[in-house]
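Notes follow once the structure below has been shown.
The values are calculated or read from the model by the stated rules, or taken from the named source; none is laboratory data. Everything quoted here is computed from the prediction, not taken from an experiment. Cβ atoms come from the backbone with ideal geometry, glycine included; neighbour counts cover every protein chain shown. Remember, those area values only see protein heavy atoms, side chains included, never the ligands or the DNA or RNA. Shrake-Rupley method; radii C 1.70, N 1.55, O 1.52, S 1.80 Å.
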Amino acid sequence: MSARIVVKETKIAPDDARREIVLRVFRFNAEFDVLPAYNDFALKVAQSETLLDALNRIKAETDATLSYRRSCRHGICGSCAVVVENQAALACKANLFDFADRYGEILTIDPLDKSLAIKDLIVDKTRFWESYRAVSPWLETPADDAPTQENLIAPETADRLNGADACIECGICFYGCPVVAANECFLGPAALTKTYRFVADIRDQAANDRLRFVDREKSGVWDCVKCYKCQESCPKALNPIEKIMRLRETGFERKTIGDSIASRHAKAFKTSIVKLGRLDETANVLESLGFFAALKHIRAAFAMLRKGKIPIGITKIDKLDEVKKLVKSASRSQE
Ligand code: FES
């Protein structure tokens, strides 16, 4: 850790309205450095200042080599995403007083993924953009060479996009997703949200192809583990997991879902709930994997049986009709 660097003061508020904060900033230059380090920058900030304001001051007045991405300063371009105290945020929307209230006066600032740092807070987003490009993020519709008017849709129809068109491609959901970290084929929440955006658009004519594309094992909707990290972290509150679940439902509805362990698992889950009002895990394994594939797990199954971990003779619950009504109202498909 290098010595603390004091950033020159900029008078933007009276002294008593300001607060001294230390930004402990990740520093690394992939061209020269073997290991990263942190620099401490001490500065007095006003209540209205954001992290991006502070980084701009450091760069302008103290250390011009500090590198980070930014453009719009209004939460629109998505380029300034960083991690503040292990919490991903847009630097231009991260109020420093708020963060200091929660975490104290020393705030650690990291890139979205330290292993992908190119220079300081700038990460290599190649994989993010490759995933994004893979889902054809444009409207597939016959283009009129000489249109005389815009291709408008009614507000009620636009509501079906459910905010998915407001994604700013900041990458926060992508780099925070544990499946993206563990599975290099997974498209990730942003690309799947973009897929939903076009599937829900009545003007798009490639919706079924899109649904088939994201039905693929290892890369598509079935690999989401429903950890809700993307929902918690999206700075635009777009709830990407909801879009992923809607893609699954729409796939069943339009019959674009292929036969896979994941889709059989989803169907078996519903069958069990409708039949018994609860989950019959043994039947679910058999139906998802198929009898012969399930045989591979026979030793583990016996071990679990001996320890009482596999319930025998699951019976219907008393209020099965109530559960059936709930299932009906919650699902639009999978019949
Ligand atoms: S600078 Fe554009 S979102 Fe922050």
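Report every pair of residues separated by at least 6 positions or lying on different chains whose Cβ atoms are under 6 Å apart, first residue within the stretch 82-106 and under 19 Å from E169 (Cα atoms), second assigned to a helix (DSSP H, G or I) and open to solvent by less than 20 Å² (accessible area, probe 1.4 Å).
V82/A91; V84/F99; A88/I172; A91/L51; A91/L52; C92/L52; A94/L51
When you look at C230, is it part of a loop (DSSP other than H, G, I, E, B), within 24 Å of A88 (Cα to Cα) and not small (G, A, S), yes or no? Please lay out each step first, then the result.
Details: part of a loop (DSSP other than H, G, I, E, B): no; within 24 Å of A88 (Cα to Cα): yes; not small (G, A, S): yes.
Against the criterion (part of a loop (DSSP other than H, G, I, E, B), within 24 Å of A88 (Cα to Cα) and not small (G, A, S)), C230 does not qualify.
Scanning for something touching a Cys at 6+ places or on another chain (Cβ under 6 Å) and surrounded by 15 or more Cβ atoms within 10 Å (Cβ to Cβ), does the stretch 25-34 turn up at least one residue?
Quick first cut of the stretch 25-34, residues touching a Cys at 6+ places or on another chain (Cβ under 6 Å) only: none.
There is no residue in the stretch 25-34 that is touching a Cys at 6+ places or on another chain (Cβ under 6 Å) and surrounded by 15 or more Cβ atoms within 10 Å (Cβ to Cβ).
Out of all the residues in the stretch 48-92, which are near the ligand (Cβ under 8 Å from one of its atoms) and either part of a helix (DSSP H, G or I) or farther than 19 Å from K125 by Cα (or both)? Even if it seems obvious, please write down each step before you answer.
We begin by selecting, within the stretch 48-92, every residue near the ligand (Cβ under 8 Å from one of its atoms); these are 52, 69-81, 90-92.
Within the stretch 48-92, L52, R73, H74, A91, C92 qualify.
Let's see how each residue does on (1) touching a Ser or Thr at 6+ places or on another chain (Cβ under 6 Å); (2) at pLDDT below 85; (3) outside the structural domain of A164 (by TED's automatic domain parsing):
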site: A237; (1), (2), (3): no, no, no
site: L247; (1), (2), (3): no, no, no
site: K275; (1), (2), (3): no, no, yes
site: F291; (1), (2), (3): no, yes, yes
site: A294; (1), (2), (3): no, yes, yes
site: M304; (1), (2), (3): no, no, yes
site: T315; (1), (2), (3): no, no, yes
site: V323; (1), (2), (3): no, no, yes
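Filter the stretch 148-207 for residues that are surrounded by fewer than 15 Cβ atoms within 10 Å (Cβ to Cβ), part of a helix (DSSP H, G or I) and β-branched (V, I, T) and give the result.
T157
Would you confirm, using the coordinates I've provided, whether G163 is more than 16 Å from the ligand (Cβ to nearest atom), touching a Phe, Trp or Tyr at 6+ places or on another chain (Cβ under 6 Å), at positive phi and outside the structural domain of D113 (by TED's automatic domain parsing)? Please lay out each step first, then the result.
Working: more than 16 Å from the ligand (Cβ to nearest atom): yes; touching a Phe, Trp or Tyr at 6+ places or on another chain (Cβ under 6 Å): no; at positive phi: yes; outside the structural domain of D113 (by TED's automatic domain parsing): yes.
For G163, the condition - more than 16 Å from the ligand (Cβ to nearest atom), touching a Phe, Trp or Tyr at 6+ places or on another chain (Cβ under 6 Å), at positive phi and outside the structural domain of D113 (by TED's automatic domain parsing) - is not met.
Given the residues F97, F128, which is the only one that is under 28 Å from T195 (Cα atoms), away from the ligand (no atom under 13 Å from the Cβ), part of a helix (DSSP H, G or I) and not charged (D, E, K, R)?
Details: F97 fails: under 28 Å from T195 (Cα atoms).
One residue alone meets the criteria, F128.
If I ask for residues that are surrounded by 15 or more Cβ atoms within 10 Å (Cβ to Cβ) and closer than 22 Å to K324 by Cβ, which ones from the stretch 277-287 would you list?
Of everything in the stretch 277-287, those that are surrounded by 15 or more Cβ atoms within 10 Å (Cβ to Cβ) and closer than 22 Å to K324 by Cβ turn out to be G277, R278, D280, E281, T282, A283, N284, E287.
Counting only residues that are among the charged types (D, E, K, R) and in contact with a Phe, Trp or Tyr (Cβ under 9 Å, 6 or more places away or on another chain), which one in the stretch 100-125 is farthest from the ligand (Cβ to nearest atom)? Outline the logic, then answer.
Residues of the stretch 100-125 among the charged types (D, E, K, R): 101-102, 105, 110, 113-114, 119-120, 124-125.
Within this subset, residues satisfying the condition of being in contact with a Phe, Trp or Tyr (Cβ under 9 Å, 6 or more places away or on another chain) are 110, 113-114, 119-120, 125.
Details: D110: 16, D113: 18, K114: 20, K119: 17, D120: 16, K125: 14 Å.
Top of the filtered list is K114.
For the stretch 35-62, name all the residues that are open to solvent by less than 30 Å² (accessible area, probe 1.4 Å), in contact (Cβ under 8 Å) with a residue 40 or more places away in the chain and out of contact with any helix residue (DSSP H, G or I) (no Cβ under 7 Å at 6 or more places or on another chain).
Of everything in the stretch 35-62, those that are open to solvent by less than 30 Å² (accessible area, probe 1.4 Å), in contact (Cβ under 8 Å) with a residue 40 or more places away in the chain and out of contact with any helix residue (DSSP H, G or I) (no Cβ under 7 Å at 6 or more places or on another chain) turn out to be D40, R57, I58.
For A37, which of the numbered conditions (1) of a type in the set (G, A, S); (2) within 14 Å of K93 (Cβ to Cβ); (3) more than 16 Å from the ligand (Cβ to nearest atom) fails to hold?
(2)
Has the stretch 288-299 got any residue that is more than 17 Å from R216 (Cα to Cα), free of Cβ contacts under 8 Å to residues at least 40 places away in the same chain and crowded, with 18+ Cβ neighbours inside 10 Å?
No, the stretch 288-299 contains no residue that is more than 17 Å from R216 (Cα to Cα), free of Cβ contacts under 8 Å to residues at least 40 places away in the same chain and crowded, with 18+ Cβ neighbours inside 10 Å.
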